[in-house]
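For reference, the structure discussed in these notes is given below.
The values are calculated or read from the model by the stated rules, or taken from the named source; none is laboratory data. Remember, it's a predicted structure, so these values are computed and weren't measured experimentally. No Cβ is skipped: glycine too gets one built from the backbone with ideal geometry, and neighbour counts run over all protein chains shown. We work out accessible area using only protein heavy atoms, side chains counted, and drop any ligands, DNA or RNA first. Shrake-Rupley method; radii C 1.70, N 1.55, O 1.52, S 1.80 Å.
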Amino acid sequence: AMVTYKNWRPRLFSDTFPLSCYFISQGSPQKLLIRLLPSILRAGGPYLAFGVASVLRFFTGERAGADEPAGVWRGAHITPPSASGEYNGLKYGPEGYTFRDSTTVNVSGADLPLPVALASVRDGELDARDVIESVLGAGLAYPPGFLEAAEDMLLRMHSGDTCLDVIGSLGSREEFSPSGTLSPYTPRTSAGSRLLDRPIGSLRELSRVVDREVRTTPVVDVHTHLLPASHGKLWSSGIDELLTYHYLVSEYLQVGGRCGPREFFALGKKEQAERIWRALFVDRPPVSEAARGVVSVLNLMGMGNLFKARDLEGIRGRMGARSREEAEEEAFRVSGVRYAVMTNVVFNPAEVAHLRPKKGRDARYRTALRVDPLLAGDWASLKVKLAEDGLDATLAGAKAWLRKWVDDLEPEYFMASTPASWDAPVRKPDFGGVGAFASGAKGAGEGEDCCGEDDDEGTLINVNSDLLNSVLLPVAQELGLPVALKIGCVRQVNPALQMAGDGVQVATCESLQALLQAWPGVRFLATFLSREDQHAACVLTNKFPNLHLYGCWWYCNIPSLIAPITSMRLQMLGQDFTYQHSDCRVLEQLVYKWAHSRRVLVDVLREELGKVWEGAGLTRAQVRGVVARISGGAYEEFLAESAPPKPDDNGSKRGVKRGRGKKG
C-alpha cells in the first residue's frame, strides 16, 4: 500500500501530472476498473462512457524508438505543458509523453500489450468493442447502450474529434434509455463528426453500424390513421384499444371458441378486451405478430413486469394515469417517429368539427386528404358537401371545394384505398364536359357511402368518372399534390366480423400504369396489400419517376414478408422508396410496429450493405444516408421536388413545383 501511495502522491500534486492525467502508472487499467467500473455497472451513462473513452484514448500512444525498452509507449498532445519531468516511468515534455506499461489484454484469444491493442483499434485492425470489453471485463452486465457509446466516442477521438466536441454532443441526462430503443439519450454519432467519414473496417463493424443507425434514425410514418389528442373521442389510446384492434378481434374469434361474432360485438369494449386478454395472452402464449406487438408495447414502455404477472388492471392503471399529452410524448419518443401522416376524412362530420375552422396543429401530426368518393364517382356524397360549403354542384364547384380543403388542411397528399382491379381504361386529362357528373361505377352508385367506418376498405374506382379525370387529377397536378393509393383490399369477405372482416386479393398494376401514363404531371404514391403484387409494383416504379412505393401494408406488415419485400426493393430501386409505414389507429401501436420493423431492417441491411462493403467499401456516413432515405428521406424528396414534366400543346415540357413538401 505504501509503495502505491508513494507512486500516486507525486502525480496528484505535480504541476505536470495532476488529476486530469487519470493516475497514469503501471497497471493503469486496474486503476480504471477500481475508479469507474462499480459506477458503470450500477448506472453507467454517457458521461462515464466518455470517461472510459478518454482514458483509453490517452493510453493509445505509439511505440517509442527502437532504442527504448519494450513496454515504453509514446503519445502526443496538441498543447504541450509548460514544464517537463519524469515521475515513476512517465515522461512528459513539449514533444508529448512516454510511459512504461506492461499491462496486457486478451483480445480474440491473444494477449496484447494494452497500447498495442488500442493502436490497432485506432488503425482499424482490431474491433473497438472487443478491446473495450476486454479492458473493462467481458461478460459483465453493462447498462444498455454503454459499450456502444464508449466505442463511438473512442473512435470519434481517433478520427480527429476533440474531447470537447465529443462531450459537447452529449445530452443533459446521465442515463441511457432503459429500453435501449431510440430516445434523446441513445448514443448517436453527431452529424459533424469526422468518424462518419472513416471507412468501415470489417463486416462486424458494419453490422454494429447498421444496427445503431437503424435504431437511432428518426422515421417518417408516411401513412397512419392516428388523430391527435385534440380530436376528443376520435383519439385512440390505451390497453383496451390495443386489445380490441381488429387484428386481435379476428384472431380471437378464430381461436377463442367461447362466443360467436354476434355475442362478442354485443359486449362493451372493456369486456371484449378482457376476453381477448384471457384467450390470447393468458391461456396461450402470444405468438402472432399482432399479439407479440402488444407485448412489445408493454415491454418498451416499462410495463414488462405487469405483463409477466398478467396484471391487466395494473396495466390499465399505468396507462390511464397519463395525460393525453404525456401519452403522445411517450409514444413518439419511444417509437422514434419524427412525425406521422394522418388520414383525414372530410366526409366524416365528426372529424370535420376538429378540422374547421383552420387552426394550429401539433407538428408531430401531418394531414392527408381522403378523397375516395372522387375516385369512385360518388357524386351524391360530394353534392352534400358542396351544398354545405355553398358551392354549385358542377365540376367547377367540385374543384373549388377541393382547393378549399387543401388550403385548410395543407395536406401532404390526397389518399384513397382501392380494390384489386379497375376495369375501365383511364381517360385523358381533357375527358368530360363542364358540369357533367358520372353516374357511378359498378357498386359505387348514387347514395353509396364511400368513406365508411373502416377507411381501409377498398373503394370501387370509376376510372371514367368526371370527378377523377376532371376534378381530382387536374387539381392534384395544379397544386403539385401527390395522390396516394392503397391497392388490393376486398371489403367484407366475412361481414359478421365487421371491421375485422376485410380480405385481400391479388391486384393488377394495369390501371395504375394507365394513370401514370395518362397523367405524367401527377405524382402517385402506392402500396399493395398482396404479397404477389410486390414485384410488379417495383418494376412499375422503376419505369415511372412519378411513382413512389411505400410501406408494407396491413397483411404484409409481418416480419416474414417485410424482409423479402424490402430486400427486393433495395435490389431493384436502390434507395428510392419508403420501406415502411405503420398504418396505426391506436397511438401505442407506433411503438411495436416501428420496433419490429427496425429489427427486420437491421437484418436486411446487414445482408444487402454487406455485399456493397465487400465490393466498394462503405463509410458510416453512407450507411446513415441509406437508412435515412428509406426511412422517410426519399418520401420527403418526392414530395418536395417538381412534378414530372408534362408536354404542352407545342411539344415543350412544363412542371409544377410543389410548395408543401416539408422537411422535419
For the stretch 297-413, which fully contained helices (runs of 4 or more DSSP H) count at least 3 residues that are under 27 Å from the mean Cα position of the chain (by Cα) and of a type outside the set (Lys, Arg)?
304-308, 312-320, 324-335
If you go through 423, 392, the only one that is over 30 Å from residue 500 (Cβ atoms), modelled with pLDDT under 95 and open to solvent by 50 Å² or more (accessible area, probe 1.4 Å) is 392
Could you tell me whether the stretch 330-348 includes any residue that is modelled with pLDDT of 95 or more, in contact with an Asp or Glu (Cβ under 9 Å, 6 or more places away or on another chain), of a type outside the set (S, T, N, Q) and open to solvent by 50 Å² or more (accessible area, probe 1.4 Å)?
yes
Identify all residues within the stretch 507-527 that are open to solvent by less than 10 Å² (accessible area, probe 1.4 Å) and assigned to a loop (DSSP other than H, G, I, E, B); write none if there are none.
519, 521, 522, 523
Checking the conditions here, which among 530, 582 is closer than 20 Å to residue 415 by Cβ, touching a helix residue (DSSP H, G or I) at 6+ places or on another chain (Cβ under 6 Å), among the small types (Gly, Ala, Ser) and open to solvent by less than 10 Å² (accessible area, probe 1.4 Å)?
582
Taking interchain pairs and intrachain pairs at least six residues apart, which have beta carbon atoms under 8 angstrom, with the first residue in the stretch 110-121 and among the polar types (S, T, N, Q) and the second open to solvent by 20 Å² or more (accessible area, probe 1.4 Å)?
120/112; 120/126
Would you mention how many residues in the stretch 395-420 are at pLDDT 95 or above and among the polar types (S, T, N, Q)?
0
Would a scan of the stretch 352-367 turn up a residue that is within 30 Å of residue 596 (Cα to Cα) and either loosely packed, with under 15 Cβ neighbours inside 10 Å or touching a Lys or Arg at 6+ places or on another chain (Cβ under 6 Å) (or both)?
yes
Those strands (runs of 3 or more DSSP E) lying entirely in the stretch 28-128 with at least 2 residues at pLDDT 70 or above
104-107, 110-113
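Here's the yes/no breakdown for (1) free of Cβ contacts under 8 Å to residues at least 24 places away in the same chain; (2) touching a helix residue (DSSP H, G or I) at 6+ places or on another chain (Cβ under 6 Å); (3) not hydroxyl-bearing (Ser, Thr, Tyr):
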position: 223; (1), (2), (3): no, no, yes
position: 235; (1), (2), (3): no, yes, yes
position: 240; (1), (2), (3): no, yes, yes
position: 245; (1), (2), (3): no, no, no
position: 255; (1), (2), (3): no, no, yes
Residue 484 meets each of (1) modelled with pLDDT under 85; (2) within 17 Å of residue 640 (Cα to Cα); (3) not charged (D, E, K, R) with one exception, condition (1)
Hey, does the stretch 547-560 have a residue that's among the polar types (S, T, N, Q) and either over 17 Å from the mean Cα position of the chain (by Cα) or surrounded by fewer than 17 Cβ atoms within 10 Å (Cβ to Cβ) (or both)?
yes
Return a yes/no flag: does the stretch 223-230 have any residue that is within 16 Å of residue 587 (Cβ to Cβ) and in a helix (DSSP H, G or I).
yes
Residues 601, 605, 618, 609: which one is modelled with pLDDT of 95 or more, closer than 30 Å to residue 248 by Cα, open to solvent by less than 60 Å² (accessible area, probe 1.4 Å) and hydrophobic (A, V, I, L, M, F, W, C)?
601
